[in-house]
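Enquirer: Attaching a single structure in structure tokens format; questions to follow.
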Amino acid sequence: MKLRSPHAVFLSLLLASPWMSCVMATAATEEPGTYNFEIGSQPLGLALQELARQSSVQIIFFSQVTEGLQAPSLKGRYTLTAALELLLARSRLAYRVINPKTIEIRSRGTEDSAPARDVGKARDSRANALAAAARTRAKTNSAQDASSLDEITVNGTAEGLVATRIATPLREIPQTISIISSEQMRQQNDTDLADALSHAVGITAVQSNSLSQTFISRGFTVTTYHVDGGAALNSFGNTPFYGTPDLGEYDHLEVLRGSDALFGGIGNPGATVNLIRKRPLATSEVTFNGTAGSWNNYRAEADATGPIGFDGAVRARLDLVLGDRDYFFQPARLGRRKIFGALEFDLTPTTLLTLGASYQWDHALPVIGGLPSYPDGSDARLPRKLALSFNWSRYDTQTREYYAQFQQTMSSVWKLKLNATSLDSAAEYNYGGFDSPINPISKALPIVPYSLFSPGANIQDQFVFDGTLTGSFELLKHRFDVAVGGDYQHFKGDIPLGVISGFEPAVSNVFQYTPAAYPRPPTSTAAIFRSQGTTNQRGEFASARVYLTDELSLVGGARVGSNRLSNSVSLNFAGLVSSTTLGENDPNKVTPFAGATYDLSPHYSLYASYADVYVSNGGVTQVGGAVVPPIDGIDREVGIKGTWRNSTLNGLLVLYDIEQRGIALPDPNATRAEAQSFSMCCNVPAGINRSKGVDVEISGVLMPGWLISAGYTFNYNHYVLGGDLSSETPRHLFKLWSSTQLPGDLRRWTVGGGLRAQSRNYGDALVCPSPDSSGACFMPEQDIRSYQGSFAVVDLRAGYEIDPHWRAALNVNNVFDRVYYQTIGSPIAGNWYGAPREFVLRIDAKY
């Protein structure tokens with residue numbers, strides 16, 4: 001298909017997300033009579049795409065529900081209802097209109113429509129005969145078809161982060177939402193959440209240690225995570241535990257950049273991440289993938305799903321992961337085991353129950369602090385393979401998860417969803433590190449190392465629950481989509497921590513560092529800290545979307561949230577015990593949201609939105625003892641979205657402006673006595689953080705067999721006390737991933753690659769030019785800024801289909817072996833090299 005010239009505006013700089021086969025074209029609200037269809041017998045997913053193209057009606061569906069299903073041919077004049085009934089006959093699939101522009105296809109029992117209606121014995125017999133003939137032809141011609149790769153499918157809708165909690169085309173959502181698809185994650189060999197977000201458009205990854213990264217969007221740290229659109233979790237990016245969840249459990253990710261006023265709860269306005277679990281499928285399928293890469297990086301995953309009883313009313317899925325890897329810096333390694341399972345029950349044709357569980361074990365030798373530099377911030381050019389760690393270091397975690405989901409359909413347009421998740425983690429560790437600049441003359445690290453260990457298991461237990469009622473109705477000749485509900489989160493943590501402030505010897509020459517020179521230090525002289533805390537968050541929300549005209553729709557809503565925090569901290573050193581208890585209660589914080597979309601043409605729409613901000617001030621107090629109220633603010637966006645190729649290709653251009661207001665600052669009018677009366681006093685809600693910029697993105701199927709995901713971000717942010725809010729965030733960030741199937745005799749091959757490019761960023765620190773071995777400084781400390789210049793990294797990939805069941809691919813990352821710092825920190829630690837050139841061979845099988 002030849003693209004028209006207006007598309008080039010977006011194609012120059014615009015993420016793609018193929019995990020749901022989704023076809024969306026502009027549509028009328030009602031079925032417009034009959035159509036003259038010419039659709040040959042083919043896989044059902046492709047037939048539905050062709051039906052959408054020929055009828056100009058939006059049709060969306062999960063690619064999994066059509067896998068393995070064949071559609072009969074459809075030729076002649078039919079109403080849309082009759083055409084759908086014929087294509088879906090004997091498929092156990094149903095359809096419904098979910099908004100004036102979208103028809104949804106799902107499995108019966110998970111769908112809130114009635115099953116597809118009978119179309120008569122004659123038509124049913126004809127469909128069966130045609131389907132049988134098609135299956136016979138498919139078997140006969142399997143050899144000829146073996147060289148045809150799977151059709152690239154993309155997800156053009158989101159649900160978990162949409163105001164009305166109804167599957168909505170991306171073009172109709174007045175916020176910046178990207179989808180990271182299972183196909184993109186597969187091609188990039190993303191194995192955990194950190195890998196996927198590192199490749200995500202508009203996200204800056206900051207290495208915290210060898211096991212974890214933090215993520216920044218629009219200048220703000222990402223602190224809000226959901227699973228299956230449920231209540232916000234206090235996990236993954238916002239806990240004292242290291243590590244991130246393995247992606248074996250998840251199908252794809254939704255990323256909302258900006259403030260999630262309705263569902264985010266307490267969180268920065270940078271981004272919200274929604275992880276979508278894999279679901280049991282209605283057709284049997286077994287997949288396997290294995291990878292082998294540089295630095296002894298090995299991983300195997302097996303995934304089996306399908307019906308297990310009651311004529312397909314009970315379905316199951318089981319996913320197993322086994323991984324072991326070293327790193328390019330030594331000594332460091334990670335061993336991982338994970339099991340995930342889910343059962344899905346069609347209790348009635350309109351009632352669906354899902355039960356699932358997972359368990360993840362990680363055993364690691366971690367590197368904690370990153371590399372140092374010279375006291376003035378200049379690069380010492382240490383070897384990339386160097387890690388200032390110890391052979392006895394360890395970090396072991398176990399994460400257990402149980403969840404239950406209930407969906408009840410009422411009439412044809414109302415649905416009740418209930419979700420509950422219990423997520424518990426435990427960690428035991430013993431590791432050490434260095435916080436010391438490098439002496440520019442001797443190359444020594446003058447400050448002796450420190451050690452941290454767990455005197456007992458560190459525990460965090462979490463329970464989240466949410467319920468949402470969604471539906472549609474007509475009022476004053478306008479269509480309304482509504483959502484009402486609430487969520488609750490309970491988090492409890494018990495973190496005992498042993499600290500050994502220093503042990504001998506200091507490093508005499510960091511270029512000749514030897515981990516074996518440091519035996520495990522005794523714990524008898526350690527100081528023992530213990531933090532015990534609970535957090536309870538709840539929120540109630542309501543939203544509505546009204547279609548004022550065929551072109552204009554408005555959406556609005558509000559959340560009323562509350563947060564209650566209690567935390568006690570104690571210190572035991574040499575038999576002396578001290579403790580303190582802190583509390584915080586932020587009741588009934590209202591965060592509104594409003595947005596509008598206007599269709600300029602079948603391909604383009606304008607949008608604008610406003611979202612509020614809710615972040616705690618940490619329980620600090622004002623003069624007189626009153627708690628400083630929570631931070632609020634505004635997130636404003638205006639932009640244009642585009643959709644082409646039946647909405648398998650989506651693009652956007654957005655301008656945003658965020659203000660985070662009411663940040664606690666020291667009260668300049670407080671007396672010395674008042675300031676000393678309580679450590680949390682005295683503050684006033686006077687500070688403002690600001691962020692503004694531009695996002696440009698394009699994602700989807702550029703041409704048949706050609707996948708693209710690209711985005712450019714410009715961001716300017718300002719900290720309340722001056723300077724940049726996020727020095728890690730570059731002004732300019734560009735990410736690209738693309739792959740295409742070669743034509744003709746080379747069609748078994750798929751080639752592609754990626755580009756990550758950014759302008760310079762930096763790290764600020766207060767550094768002592770010449771500390772003693774304990775870290776004490778006897779001269780004025782200096783403000784030091786360390787820079788990482790602009791850089792670009794190129795990745796390449798080549799894949800080959802061996803036969804219809806097996807395929808192989810080779811990824812070469814950092815093809816030109818670019819030396820750069822993935823994260824720039826302070827002169828005492830926190831500098832992390834980007835990975836050198838890396839090779840990864842992957843084998844995929846599917847039956």
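The values are calculated or read from the model by the stated rules, or taken from the named source; none is laboratory data. From a predicted model like this one, the values you see are computed outputs, not experimental measurements. We place every Cβ from the backbone using ideal geometry, glycine too, and count neighbours over all the protein chains shown. All accessible areas refer to the heavy atoms of the entire protein, side chains included, with ligands and DNA or RNA removed. Shrake-Rupley method; radii C 1.70, N 1.55, O 1.52, S 1.80 Å.
Enquirer: Give the Cα extents of the stretch 537-579 along the principal axes, in whole Å, largest first.
Expert: 74, 16, 7
Enquirer: Could you look at the stretch 735-819 and say what percent of its accessible area is carbon and sulfur, using a 1.4 Å probe and all protein chains? Please report the intermediate quantities before stating the final value.
Expert: Numbers: 2640 of 4540 Å².
In the stretch 735-819, the share of accessible area belonging to carbon and sulfur is 58 percent.
Enquirer: If you plug each phi of the stretch 622-637 into the Karplus form 6.51 cos²θ - 1.76 cosθ + 1.60 with θ = phi - 60°, what whole-Hz ³J(HN,Hα) values come out, in order, with x for Gly and Pro?
Expert: Each residue of the stretch 622-637 in turn: 9, 4, x, x, 5, 6, 5, x, x, 6, 10, x, 9, 10, 10, 9 Hz.
Enquirer: Between Arg760 and residues 5 or more places away or on another chain, which pairs have amide H atoms under 5 Å apart, with H built 1.01 Å from N, and which residues are they?
Expert: The answer is Ser790.
Enquirer: Determine by what factor the alpha-carbon radius of gyration of the stretch 796-847 differs from 2.2 N^0.38 Å, reporting the quotient. Please list the in-between numbers first.
Expert: Details: Rg = 16.9 Å, N = 52, 2.2 N^0.38 = 9.9 Å.
It is 1.72.
Enquirer: Calculate for the chain the 222 nm mean residue ellipticity that helices alone would give, adding -39,500 (n - 2.57) per DSSP H run of length 4 or more and normalising by residue count, nearest 500 deg cm²/dmol. Walk me through the numbers before you get to the answer.
Expert: Details: 9 runs with 71 residues, N = 847.
After summing the helix terms and dividing by the residues of the chain, the value is -2000 deg cm²/dmol.
Enquirer: On each of the three principal axes of the Cα atoms of the stretch 287-336, give max minus min coordinate, whole Å, ordered largest first.
Expert: 53, 14, 8
Enquirer: Another question, then. Spelling out what I want: for every residue of the stretch 420-425, take phi, set θ = phi - 60°, compute 6.51 cos²θ - 1.76 cosθ + 1.60 (Karplus), and round to whole Hz; glycine and proline get x.
Expert: Once rounded to whole Hz, the list reads 9, 9, 10, 10, 10, 9.
Enquirer: Using only the Cα atoms of the stretch 556-609, each taken as one equal point scatterer with no solvent, compute I(q) by the Debye sum, divide by I(0), and report log10 of the ratio at q = 0.18, 0.30, 0.31 Å⁻¹.
Expert: Debye output, listed in q order: -0.77, -1.06, -1.08.
Enquirer: Rounded to a whole number, what % of the accessible area of the stretch 384-502 do carbon and sulfur atoms account for, probe 1.4 Å?
Expert: On the way: 2980 of 4660 Å².
Roughly 64 percent, rounded to a whole number.
Enquirer: Determine, at each q value in 0.17 (inverse angstroms), the log₁₀ of I(q)/I(0) that the Debye formula gives when each Cα of the stretch 726-847 is one equal point scatterer.
Expert: Normalising to I(0) and taking log10 leaves -0.92.
Enquirer: Continuing with the same structure: Counting pairwise Cα distances across the stretch 610-715, what percent come out greater than 24 angstrom? Before the final figure, lay out the partial values.
Expert: Details: 2803 of 5565 pairs.
Tail fraction, whole percent: 50.
Enquirer: Using DSSP to call loops (not H, G, I, E or B), can you name the chymotrypsin sites (Phe, Trp or Tyr not before Pro) in the stretch 654-750 whose Cβ has at most 15 other Cβ atoms within 10 angstrom?
Expert: Numbers: sites: Tyr656, Phe678, Trp706, Tyr712, Phe714, Tyr716, Tyr719, Phe734, Trp737, Trp749; in loops: Phe678, Tyr719.
Those satisfying the criteria are Phe678.
Enquirer: Find the Rg to Rh ratio for the stretch 425-513, where Rh is the Kirkwood radius over alpha-carbon pairs and Rg uses the same atoms.
Expert: Numbers: Rg = 27.0 Å, Rh = 18.5 Å.
Result: Rg/Rh = 1.46.
Enquirer: Keeping every protein chain present and rolling a 1.4 Å probe, give me the accessible area per residue for the chain in Å². Let's see the in-between values first.
Expert: Working: 33750 Å² over 847 residues.
Per-residue value: 40 Å².
Enquirer: Within 12 Å, Cβ to Cβ, of Gly711, how many net charges do the neighbouring residues add up to if Lys/Arg are +1 and Asp/Glu are -1?
Expert: Working: positive: Arg257, Lys735, Arg756; negative: Asp695, Glu697.
Its environment carries a net charge of +1.
Enquirer: Next question. Mind checking the log10 I(q)/I(0) for the chain at q = 0.11 Å⁻¹? Debye, one equal scatterer per Cα, no solvent, two decimals.
Expert: Log10 of I(q)/I(0), two decimals: -1.39.
Enquirer: For the stretch 554-677, divide the Cα radius of gyration by the Kirkwood radius and give the resulting Rg/Rh value with two decimals.
Expert: Numbers: Rg = 22.7 Å, Rh = 18.7 Å.
So for the stretch 554-677, dividing Rg by the Kirkwood Rh gives 1.22.
Enquirer: How much of the accessible area of the stretch 219-337, probe 1.4 Å, is carbon plus sulfur, in whole percent? All intermediate terms of the calculation are to be shown ahead of the outcome.
Expert: On the way: 1990 of 3550 Å².
For the stretch 219-337, the apolar C and S fraction of the accessible surface comes to 56 percent.
Enquirer: Can you list residues whose amide H is under 5 Å from Tyr374's amide H, if they're 5+ apart or on another chain and H is modeled 1.01 Å from N?
Expert: Ala380, Ile438
Enquirer: Further, regarding this structure: Taking θ as phi - 60°, what are the ³J(HN,Hα) couplings along the stretch 384-401 by the Karplus curve (6.51, -1.76, 1.60), each to the nearest whole Hz, with x for Gly and Pro?
Expert: Couplings: 5, 7, 6, 9, 8, 10, 10, 5, 8, 5, 8, 8, 10, 10, 10, 10, 10, 9 Hz.
Enquirer: What percentages, rounded to whole numbers, describe P(r) for the stretch 197-269 computed over all alpha carbon pairs with 5 Å bin width beginning at zero?
Expert: 3, 15, 25, 29, 22, 6, 0
Enquirer: Please work out the C-alpha center-to-center distance from the stretch 582-601 to the stretch 308-358 and express it in whole Å.
Expert: 34
Enquirer: Can you give the FRET efficiency for His478 and Ala542, using 1/(1 + (r/R0)^6), R0 = 25 Å, r = Cβ-Cβ distance, to the nearest 0.05?
Expert: Details: r = 18 Å, r/R0 = 0.71.
Approximately 0.90, to the nearest 0.05.
Enquirer: Using the beta-carbon distance between Leu320 and Phe463 and R0 = 30 Å, what value does 1/(1 + (r/R0)^6) give for FRET efficiency, to the nearest 0.05?
Expert: On the way: r = 26 Å, r/R0 = 0.87.
So the FRET efficiency works out to roughly 0.70.
Enquirer: Non-local amide H neighbours of Leu281 (under 5 Å, H modeled in plane, Pro and chain starts lacking H): which ones?
Expert: Gly306, Ala316
Enquirer: What is the distance in Å between the Cα centres of the stretch 737-803 and the stretch 192-223?
Expert: Value for the Cα centre distance between the two parts: 12 Å.
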